[in-house]
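The values are calculated or read from the model by the stated rules, or taken from the named source; none is laboratory data. Being a predicted model, the structure only gives us computed values, none of them experimental. Every residue, glycine among them, receives a Cβ derived from its backbone with ideal geometry; neighbour counts consider all protein chains shown. Each accessible area value is taken on the protein alone, full model and side chains, heavy atoms only, with ligands, DNA and RNA left out. Shrake-Rupley method; radii C 1.70, N 1.55, O 1.52, S 1.80 Å.
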Amino acid sequence: MKVDTILTNGQLVLPHQGVVPGNLLVNGGKIVGICAPGCTVPAAHRIDVEGKYIFPGIIDAHTHYGLGSADDFLTETRSAALGGVTTVLTFYQNARRYSEVFPEEKRRAEEKAHVDFSYHLCLMKDEHLDEIPRYVENFGISSFKFFMHFRGDEGKYMGIEGTDDGFLYDGLKAIAEYPRAKAVIHAENIEIGWRLRDRLKAEGKDGLEVWTASKPDFLEVESLRRACYLAKITGCTLYLAHMTAAESCAELRVLRKQIPPVYAETCTHYLTHTAESPVGNIGKVNPPLRYPRDLEELWTAVQEGTLDVISTDHVPRKFQTKRGNIWECSAGFPGTATLLPVVLSEGYHKRGLSLMRIAELLSENPARLFNLYPRKGSLTVGCDADLTIVDIDRVREVRAGELGSYSDYSLYDGWKLTGWPVLTMVRGEVVMDSGEVTGTAGYGQFIPR
Ligand SMILES: [Zn+2]
C-alpha cells in the first residue's frame with residue numbers, strides 16, 4: 001500500500017484515551033491508518049513531527065462572520081488556519097427567509113473558505129420557525145440560535161421581531177422534532193438589563209466594569225434556568241452558548257442531568273479576562289466579562305466536564321469600532337486564531353488541564369454536539385485527515401497583525417503564550433505550515449450535518 005502522506009514520530013492526542021506515540025497515515029483526504037513509531041509505509045509525502053503533538057483538527061464552534069467585511073469567509077478562515085482550526089461554525093443571521101438566501105450565502109462562502117465550515121442559523125421571526133424542517137432536511141443544518149436578549153426594540157435594527165418566550169417555546173418544539181438537532185441559547189434577561197443600563201447611563205457612568213454592572217451574572221442564570229425548563233417541557237436539546245459565571249456553573253451541575261440533556265460552552269475570554277482587566281473598551285462583549293472567582297470556576301467546570309466546549313465568539317471588526325464610551329463602542333472581538341494557544345498556555349501549562357481533555361473540549365465535543373462526528377473530531381481510521389500539529393513548548397508573543405484576520409487588534413496583543421500550532425491539515429492538505437498559510441481560498445467545504 002502506498003499512501004499520500006505519512007506523519008512520523010508524533011504524539012497522538014486521543015480523546016478519552018490519552019497520548020500515544022505513533023505514525024499516522026493519510027490517503028485520499030482520510031486517515032487510513034495509525035501505526036507504531038518506526039513503521040514504514042511508502043508515501044508520496046513524509047512529514048516528520050518528532051516531539052510534536054497531533055491533535056484531531058480544532059473546531060471553533062462559535063464565530064460571527066459577516067459582521068466585519070464581505071470577505072470574512074476569506075480572511076477569517078485564513079486566520080483559523082493560522083490558529084490550527086480546521087472547521088468553523090458560524091452564526092448566519094438574515095431577516096429574510098433562509099430558503100431564499102442560504103443557497104447563495106453558502107455558494108459565496110465555498111468560493112472563499114480556507115478551512116471547512118458550517119452554519120448555525122439564527123431564528124429571528126416566525127417565518128424562520130416555519131421553515132425549520134427545510135433547514136434540517138434540505139440544507140443539512142441542525143443547530144439554531146435563539147437570542148433571549150434581543151427583545152422589543154433591542155433587535156429590531158437587525159430585523160429580529162417578536163422573539164419573546166412564546167417564540168422560544170414554539171421554536172424549541174419545532175427543533176425537538178429532530179432528535180439530533182439543537183437549540184443554541186444566548187441566555188440573558190435583557191428586561192432587567194435595560195433598567196440597570198438606564199440608571200447607570202443617567203448617572204453618567206462609563207468603563208468596562210460599568211458594562212458588567214449593567215448585565216450582572218444573575219441575568220444569565222435566570223435566563224438559562226428558564227430556557228432549560230422550557231427545553232424539558234418541549235423535549236428539545238439545548239446548547240448554552242458562552243457561559244460566563246460561577247453561578248451558571250453551579251446551576252448547570254444540576255440542570256445538565258435533565259432529559260433531554262443540556263450542553264454548554266464557555267469562551268476563551270471568560271477564561272482569561274475579567275471586568276477588572278485593563279483592556280478598556282476592547283473588553284466589551286456580550287455577555288460581559290465577570291470577576292476572578294468566575295474565571296477560576298469556569299476552569300474548574302471545563303476540567304470536570306460541567307462545560308463541554310471552549311469556543312471564541314469571534315467577531316472580526318476593526319479597532320476603530322471600539323472607540324467612544326462603553327455604551328457606544330462595539331461589542332465582541334476576534335478570537336479564533338488564539339483559541340488553541342490560549343487553552344494550551346492558560347489551561348495545560350498553567351492549570352494542568354490535560355491535552356486529552358483539550359482535544360475533547362476543542363475538537364471531539366463540538367464535533368459530536370453539532371453532528372460533525374465521526375467525520376470530524378477524531379483521530380480514527382476513516383475520518384477526515386483534519387490535523388492540528390502542536391509545538392507544546394513554543395513561546396510566541398501575540399501580535400494582532402500576524403493573526404490573518406480582517407480585524408486589526410487582539411485581546412491578547414503582547415501576551416506571551418506557550419503552545420502553538422505549527423501545521424494545520426484539512427482533509428489531507430496542509431493549509432498552514434510554520435505560520436504561513438499554504439492552502440488556497442475555496443478549498444474549504446461546507447459540511448452538512
Ligand atoms: Zn456569539
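Solvent-accessible area per residue in the stretch 1-137 equals 37 Å², computed with a 1.4 angstrom probe and all protein chains kept.
Summed over the residues of the stretch 290-398 and divided among them, the accessible surface reaches 32 Å² per residue at a probe radius of 1.4 Å. Cysteines in the chain lacking any other cysteine Cβ under 4.7 Å from their own Cβ: Cys122, Cys228, Cys236, Cys249, Cys267, Cys329, Cys383.
Looking at the P(r) of the stretch 265-399, how many percent of alpha-carbon pairs lie beyond 23 Å? Value for the stretch 265-399: 39 percent of Cα pairs lie more than 23 Å apart.
Figure note: Ile233, Ile31, Ile282 ranked by solvent-accessible area, largest first, 1.4 Å probe, ligands and nucleic acids not counted: Ile233, Ile282, Ile31.
The 3J(HN,Hα) values that the Karplus relation (6.51, -1.76, 1.60; θ = phi - 60°) gives for the stretch 174-182 are, in residue order, 5, 6, 4, 5, 10, x, 8, 7, 9 Hz. Gly and Pro appear as x. Our coupling estimate for the stretch 326-340, obtained by passing each phi through the Karplus curve with A = 6.51, B = -1.76, C = 1.60 and θ = phi - 60°, is 5, 7, 8, 6, 6, 9, x, 7, x, x, 4, 5, 9, 3, 5 Hz, Gly and Pro reported as x. For the stretch 301-397, give the percent of accessible area contributed by carbon and sulfur heavy atoms, probe 1.4 Å, rounded to a whole number. Of the solvent-accessible surface of the stretch 301-397, carbon and sulfur hold 46 percent.
About its Cα centre, what dipole magnitude does the chain give when the only charges are +1 on Lys and Arg Cβ and -1 on Asp and Glu Cβ, stated in debye to the nearest 20?
Using only the charged Cβ atoms, the result is roughly 380 debye.
About the Cα centre of the stretch 366-449, how large is the charge dipole given +1 on each Lys and Arg Cβ and -1 on each Asp and Glu Cβ? Please answer in debye to the nearest 20. Taking the Cα centre of the stretch 366-449 as origin, the dipole is about 440 debye.
Here's how it looks for Tyr65: its modeled amide H is under 5 Å from those of Phe91, which are all 5 or more places away or on a different chain.
In the complete set of protein chains, residue-level accessible area for Arg78 is approximately 80 Å², probe 1.4 angstrom.
Here the stretch 131-279 exposes an accessible surface that is 52 percent carbon and sulfur, computed with a 1.4 Å probe and the other protein chains kept in place.
Taking every alpha-carbon pair within the stretch 192-289, the share separated by more than 22 Å comes to 36 percent. A Stokes-Einstein calculation at 37 °C with viscosity 0.692 mPa s, built on the Kirkwood radius of the chain over Cα pairs, returns a diffusion coefficient of 149 µm²/s.
Working ranking of peptides 55-66, 8-19 by packing, defined as the average number of other Cβ atoms within 10 Å per residue, highest first, is 55-66, 8-19.
Summarised in one figure, the compactness ratio Rg/Rh of the stretch 201-242, Cα atoms and Kirkwood Rh, is 1.21. Average 1/r across all pairs of distinct alpha carbons in the stretch 295-362, invert it, and you get the Kirkwood radius: 13.5 Å.
Distances between placed amide hydrogens fall under 5 Å for Ala113 paired with Gly442, Gly444, all partners being 5 or more residues away or on another chain. In this structure the amide hydrogen of Tyr239, modeled in the peptide plane, comes within under 5 Å of the amide hydrogens of Ala183, Val184, Ile185, Tyr263, none closer than 5 places in sequence on its chain.
The candidates Ser311, Ser330, arranged from most to least accessible area with a 1.4 Å probe in the full protein assembly, appear as Ser330, Ser311. Measure out, as a whole number of angstrom, how far apart the alpha-carbon centroids of the stretch 340-364 and the stretch 141-195 sit. So the two Cα centres are separated by 31 Å.
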